[in-house]
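A.B. asks: Have a look at the structure that comes next, please.
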Amino acid sequence: MQGTAKRIQKTSSLAPVKVTLRVRPTLPSERSHRAAFVRVLDSCNVSIPNPRMIAEDLTYTFDRVWDGDSQEAIFAECEEIVAGVLAGVNATIFAYGMTGAGKTFSMLGSVTSPGIVPRTVQTLLQTSQQKRLNLTLRASFLEIYNEKVFDLIAHDSITANGLDLREDANRNIYVAGISEVLVDNYPDFERTLSSAIKNRATAATKLNEHSSRSHFVTLLTATVKTPLSDGSFQTFSAKLNLIDLAGSEDNKRTGNTGLRMVESGSINKSLFVLGQCVEALNKGQMRVPYRDSKMTRLLQDSLGGKAKAMIIACVGSQEEYANDTYNTLNFAAKSKLIVNKVEVNEEIERTRKIPSRSGDEEQVDLDRNG
Ligand code: ADP
Ligand code: MG
């Protein structure tokens with residue numbers, strides 16, 4: 001007879017939200033003779049003219065500032081979080097900024113210049129192969145559009161109301177009924193990702209021809225199970241949210257009306273609530289309004305919770321974006337103050353032979369050293 005028993009091990013450490021800034025290079029369509037509005041001072045500092053006081057500069061300091069850097073350089077800064085996922089640490093990486101600032105380029109990239117999502121999956125699969133890990137990797141794709149959550153894999157089954165966000169016994173937020181695909185090779189993952197991207201709601205606005213109007217989330221779930229010398233199993237499990245947020249547009253500038261206006265309103269709502277959550281956390285307020293929007297509910301654990309978090313704030317360097325850039329820099333600066341209490345999700349599962357004589361069963365000892 002065999003008995004199994006599980007023990008959940010909890011270790012935690014404090015980790016501030018990592019806040020980075022990516023300044024998008026000038027695009028051919030933007031050539032102007034004016035000096036750039038954003039000035040990158042070094043790898044951690046930028047300055048902009050104070051929009052409220054001419055002749056004064058505002059300087060912002062971040063964990064990292066990128067100025068025309070490569071996709072490789074940006075991913076290098078994410079590698080610690082990706083490695084943590086194989087060691088049981090939940091995490092979120094999200095791109096924030098106005099439409100056209102480079103969020104989708106950073107998170108998804110293109111075939112010739114892949115972004116964080118494809119690089120993360122490649123790295124997880126490669127590491128698992130190199131280290132001979134017993135990794136089970138799963139992926140889900142979802143979008144939050146007009147405050148509704150849609151499954152981007154089982155696209156046919158989209159209902160008008162979308163899916164529910166729920167909380168499990170460990171107070172983790174999950175999307176009820178979302179589809180998952182097993183990721184055991186990169187080409188298959190790439191095909192699923194492309195089809196999810198196609199299913200994402202997009203519409204043309206004046207700002208950006210194919211402006212994405214929804215928050216796009218790639219959710220990766222990793223489980224690594226390792227046999228220990230005493231016959232028990234150690235399991236690390238973690239979730240990684242990779243989020244390409246929709247841009248928050250100024251309706252006057254983009255000329256949105258009708259449906260587009262409604263969309264803009266709800267996009268602004270979740271970004272507005274995100275700002276309120278950051279504010280509440282910074283002030284140490286008891287009530288953080290995570291529940292006021294779907295995006296913040298999903299991010300709950302990554303802002304002031306048990307997960308690691310990294311923000312990639314994206315801005316264009318031109319003066320025409322001055323107002324949005326100022327808002328993005330201020331959001332990013334406030335987010336820097338949030339400290340998470342990061343937990344490792346580890347489980348020890350012990351299987352032991354139990355004597356078959358009834359009433360004389362051996363105590364299942366869960367102590368790994370004992
Ligand atoms: P967003 O998702 O924030 O609306 P995009 O990522 O779509 O913005 O970027 C807008 C345009 O700028 C796209 O054509 C994209 O390819 C280009 N772009 C963005 N960031 C970079 C970058 N770092 N280097 C080169 N081109 C970029
Ligand atoms: Mg985009």
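The values are calculated or read from the model by the stated rules, or taken from the named source; none is laboratory data. Computed from a predicted structure; not experimentally measured. Backbone-built Cβ (ideal geometry, glycine too); neighbour counts: all protein chains shown.
A.B. asks: Scan (1) closer than 30 Å to T235 by Cα; (2) without any contact (Cβ under 8 Å) to a residue 12 or more places away in the chain for the single condition S13 breaks and write down its number.
C.D. replies: (2)
A.B. asks: Let me spell it out: the conditions are (1) within 16 Å of ligand 1 (Cβ to nearest atom); (2) at pLDDT below 95; (3) assigned to a strand (DSSP E or B); (4) not polar (S, T, N, Q), and R7 meets all of them except one. Which number is the exception?
C.D. replies: Answer for R7: the failing condition is (1).
A.B. asks: Now, a different point. Would it be correct to say that T99 is under 30 Å from D164 (Cα atoms) and polar (S, T, N, Q)?
C.D. replies: Details: under 30 Å from D164 (Cα atoms): yes; polar (S, T, N, Q): yes.
Yes: the conditions hold for T99.
A.B. asks: Go through the residues of the range 143-155 one by one and say whether even a single one is at pLDDT 95 or above, within 16 Å of ligand 2 (Cβ to nearest atom) and in contact with a Leu (Cβ under 9 Å, 6 or more places away or on another chain).
C.D. replies: no
A.B. asks: Working only within the range 102-143, note down all residues that are β-branched (V, I, T) and touching a Ser or Thr at 6+ places or on another chain (Cβ under 6 Å).
C.D. replies: V117, T136
A.B. asks: Select from the range 13-69 the residues that are under 22 Å from the mean Cα position of the chain (by Cα) and within 16 Å of ligand 2 (Cβ to nearest atom) and write down the one among them that is nearest to I116 (Cα to Cα).
C.D. replies: The qualifying residue nearest to I116 (Cα to Cα) is R22.
A.B. asks: Return the total of residues in the range 87-125 being farther than 17 Å from K18 by Cα and either crowded, with 21+ Cβ neighbours inside 10 Å or within 13 Å of ligand 2 (Cβ to nearest atom) (or both).
C.D. replies: Taking the range 87-125 first, the residues farther than 17 Å from K18 by Cα are 87-88, 98-102, 104-105, 108-115, 117-125.
Remaining after also requiring either crowded, with 21+ Cβ neighbours inside 10 Å or within 13 Å of ligand 2 (Cβ to nearest atom) (or both): 88, 98-102, 104-105, 108-110, 115, 117-118, 120-121, 124.
Of the residues in the range 87-125, 17 are farther than 17 Å from K18 by Cα and either crowded, with 21+ Cβ neighbours inside 10 Å or within 13 Å of ligand 2 (Cβ to nearest atom) (or both).
A.B. asks: Let me ask something else about it. Looking only at strands (runs of 3 or more DSSP E) that fall completely inside the range 31-133, which ones have 1 or more residues that are farther than 30 Å from K306 by Cα and more than 16 Å from ligand 1 (Cβ to nearest atom)? I'd like the intermediate steps shown before the answer.
C.D. replies: On the way: elements: 45-49, 57-61, 64-67, 91-96.
Correct list: 45-49, 57-61.
A.B. asks: Residues of the range 316-326 being out of contact with any strand residue (DSSP E or B) (no Cβ under 6 Å at 6 or more places or on another chain) and of a type outside the set (S, T, N, Q), which ones?
C.D. replies: E319, E320, Y321, A322, D324, Y326
A.B. asks: Just to verify a result, which residue in the range 156-181, among those that are under 18 Å from I197 (Cα atoms), part of a loop (DSSP other than H, G, I, E, B) and not hydroxyl-bearing (S, T, Y), is modelled with the highest pLDDT?
C.D. replies: Per the stated criteria, the residue is E180.
A.B. asks: Do the conditions hold for T99, that is, is it modelled with pLDDT of 95 or more, among the hydroxyl-bearing types (S, T, Y) and more than 30 Å from L228 (Cβ to Cβ)?
C.D. replies: Judged against the criteria, T99 is not a match.
A.B. asks: Okay, moving on. Determine, yes or no, whether E143 is surrounded by fewer than 20 Cβ atoms within 10 Å (Cβ to Cβ) and among the acidic types (D, E). Steps first, answer last, please.
C.D. replies: Details: surrounded by fewer than 20 Cβ atoms within 10 Å (Cβ to Cβ): no; among the acidic types (D, E): yes.
Considered against the rule, which asks whether it is surrounded by fewer than 20 Cβ atoms within 10 Å (Cβ to Cβ) and among the acidic types (D, E), E143 comes out as no.
A.B. asks: Considering only residues that are surrounded by fewer than 23 Cβ atoms within 10 Å (Cβ to Cβ) and of a type in the set (S, T, N, Q), look in the range 266-292 and name the one that is farthest from D244 (Cα to Cα).
C.D. replies: So the residue we want is Q285.
A.B. asks: For Q130, all conditions in the list (1) more than 16 Å from ligand 2 (Cβ to nearest atom); (2) at pLDDT below 95 hold save one; what is the number of the exception?
C.D. replies: (2)
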